[in-house]
Amino acid sequence: MTTTSIATRLLDHFGLGAAAQTGDWPVRSPIDGATLAQVRTHGLADADAAITRAQQAFEAWRSVPAPRRGELIRLLGEALRQDKQALGELVSLETGKILSEGLGEVQEMIDICDFAVGLSRQLHGLTIASERPGHRMMETWHPLGVVGVISAFNFPAAVWSWNFALAIVCGNPVVWKPSEKTPLTALACQALFERAAQRFGDAPQDLSQLLVGARELGERLVDDHRVALVSATGSTRMGREVAPRVAQRFGRSLLELGGNNAVIVTPSADLDLAVRGIAFAAVGTCGQRCTTTRRLIVHEGVREALVARLKKAYAGLPVGHPLEAGTLVGPLIDGASFEAMQAALRLAAAEGGRVTGGERLLQAEHPQAYYVRPAIVEMPAQTDTVRRETFAPILYVLGYTDFDEALRLQNDVPQGLSSAVFTNDLREAETFLSASGSDCGIANVNIGTSGAEIGGAFGGEKETGGGRESGSDAWRNYMRRATNTVNYSRALPLAQGVRFDV
Ligand code: UN1
């Protein structure tokens with residue numbers, strides 16, 4: 001079966017046949033470069049109208065009780081369960097990630113829906129002791145307003161769902177600008193939501209709207225004061241533009257930007273675990289997760305053994321069609337991504353790096369697709385190239401002798417998303433997790449840097465942007481807090497003992 005015929009079957013499945021064939025925007029599969037569909041794109045006037053409609057939806061939805069709002073997300077979770085296979089295939093087709101990871105992405109969506117349903121009865125505020133007699137203080141969490149979501153190609157559905165499920169239970173409509181590389185997944189998600197909304201019955205129109213097209217649509221969300229929160233996932237360069245523009249109008253932004261995630265392997269580490277953990281995190285999704293392991297900081301005493309095992313594992317990696325059973329590494333998203341990888345490898349080599357792998361594969365069969373052997377690059381030092389995020393499967397290896405030095409190397413990059421240590425030494429593990437250890441938003445012991453569960457807060461520090469999405473108390477990003485003081489006495493004492501008798 002060709003990718004085009006698989007796409008046709010899946011688009012029909014989601015009821016998108018005609019809508020996805022008659023537009024102006026070709027969608028190509030990274031698997032073979034074939035055109036999968038032609039979608040209709042939106043213009044700035046559409047973006048403006050979508051925000052207006054979302055604002056109207058907000059006025060109705062904010063007053064619906066939160067547990068009832070949760071019911072809508074419960075129904076979305078059901079629709080996702082029913083269509084897990086089809087959506088997982090579509091994600092694979094459009095991103096090139098292997099089917100197991102495509103299905104995993106949908107599972108992540110189901111998980112966040114379940115989480116959000118529970119949350120819809122737990123949007124708790126505090127009660128606070130008042131210093132004044134006959135007074136009570138509390139805080140109330142209210143819906144925030146229109147949420148704009150800008151998402152990247154590599155998790156074309158899950159990152160939307162983290163934002164969407166929480167935004168909806170918190171009382172907010174969402175306008176979504178997906179990556180222009182993955183509009184089909186977005187259209188399918190929208191179709192599943194519409195199915196859920198129909199079963200729900202009386203949801204306001206326009207709780208979920210899609211803007212398909214180029215970056216100017218995202219810019220519209222960024223600059224419009226009616227968009228209360230802009231949640232953006234992408235490069236640090238994108239975040240550097242988004243953050244000041246949103247701040248300029250005193251909007252809120254939630255940023256998930258680049259990562260340059262390291263694994264430290266110490267002398268006491270279980271190397272079997274380390275090899276598997278590093279391989280999945282470094283080459284999964286063809287190195288195109290924001291949580292991908294990009295640096296290996298390994299103790300000189302185990303360096304040779306570990307690197308030899310990793311090279312062996314890399315040499316045997318099944319690279320190929322992501323929908324075929326047995327494949328572990330699919331293609332890069334496009335030619336630009338391949339060029340960026342090759343440029344980084346050339347620079348690393350010029351800086352003294354020893355490169356193993358990294359070459360293009362399957363070029364004869366797929367001249368329009370970019371399959372690569374993931375690369376291991378043994379570096380003499382943490383150079384500029386190592387400190388930059390290249391969104392491709394390159395693992396830079398650095399040696400260390402002293403654990404403090406390993407920690408310094410781990411932290412000495414501009415990004416701060418994810419990190420891990422493989423060790424059986426309690427002191428090293430706890431130091432890594434302590435205030436003077438990893439400076440990342442995610443710090444793991446004896447597992448890799450990627451594949452986080454939705455229950456925890458997801459995000460990172462420094463150039464990663466500081467945002468936290470998904471689990472824990474990330475829901476607070478999507479609500480506004482009001483502090484309330486209620487006087488149930490017959491007097492009017494002032495705080496701080498102030499006297500003002502009129
Ligand atoms: C991303 O790459 O933008 O932790 C998100 C992970 C996934 C999410 C990645 N749960 O790798």
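Points to keep in mind about this one:
- GluC sites (Glu not before Pro) restricted to the range 260-335 and DSSP loop, no more than 10 other C-beta within 10 Å: none
- Relative to the current alpha-carbon distance between ALA491 and ARG354, full extension at 0.36 nm per residue lengthens the span by 41.5 nm.
- What the Cβ-Cβ distance of GLU216 and MET138 gives, at R0 = 56 Å and to the nearest 0.05, is a FRET efficiency of 0.85.
- The distance between label points at ARG245 and ALA18 comes to 3.5 nm (points 7 Å beyond Cα on the Cα→Cβ vector).
- 5 Å binning of all Cα-Cα separations within the range 6-113, expressed as whole percents from 0 upward: 2, 11, 14, 16, 16, 19, 15, 6, 2, 0
- Compactness of the range 336-395 is given as radius of gyration and Dmax, 11.8, 38 Å, from Cα positions.
- The sum of -39500 (n - 2.57) across all DSSP H runs of n ≥ 4, divided by the residue count of the chain, sets its helix-only mean residue ellipticity at 222 nm to -12500 deg cm²/dmol.
- The label point for ARG40 and the one for ASP425, both projected 7 Å from the Cα toward the Cβ, are 6.3 nm apart.
- Remark: the GLU131-ASP501 segment gains 131.3 nm on full extension, using 0.36 nm per residue and subtracting the alpha carbon distance.
- Taking every Cα-Cα distance in the range 148-262 and sorting them into 10 Å bins starting at zero, the pair-distance distribution P(r) comes out as 14, 47, 31, 8, 1 percent.
- Pairs of Lys in the chain closer than 29 Å at Cα, counting only those 8 or more apart or on different chains: 10
- Projected over every direction and averaged, the convex hull enclosing the alpha-carbon atoms of the chain yields 27.0 nm².
- Within the chain, longest stretch free of exposed chymotrypsin sites (Phe, Trp or Tyr not before Pro) [DSSP loop, at most 16 other beta carbons within 10 Å]: 1-249
- Each of PHE155, VAL117, VAL283 was scored by the projection of its Cα onto the charge dipole of the chain, and the greatest displacement toward the positive side belongs to VAL117; charges sit on the C-beta of Lys, Arg, Asp and Glu.
- Modelled label positions at ASP48 and ALA325, each set 7 Å beyond Cα in the direction of Cβ, lie 5.5 nm from each other.
- Around the Cα centre of the chain, unit charges on the Cβ atoms of Lys, Arg, Asp and Glu (plus for the first two, minus for the last two) sum to a dipole of about 1000 debye.
Quick note: the coordinates plus some simple rules give every number you see, no bench work behind them. Just so we're clear, the structure is a prediction, and the values are computed from it rather than from any experiment. Using ideal geometry, Cβ is built from the backbone for each residue, glycine included, and neighbour counts are taken over all protein chains shown.
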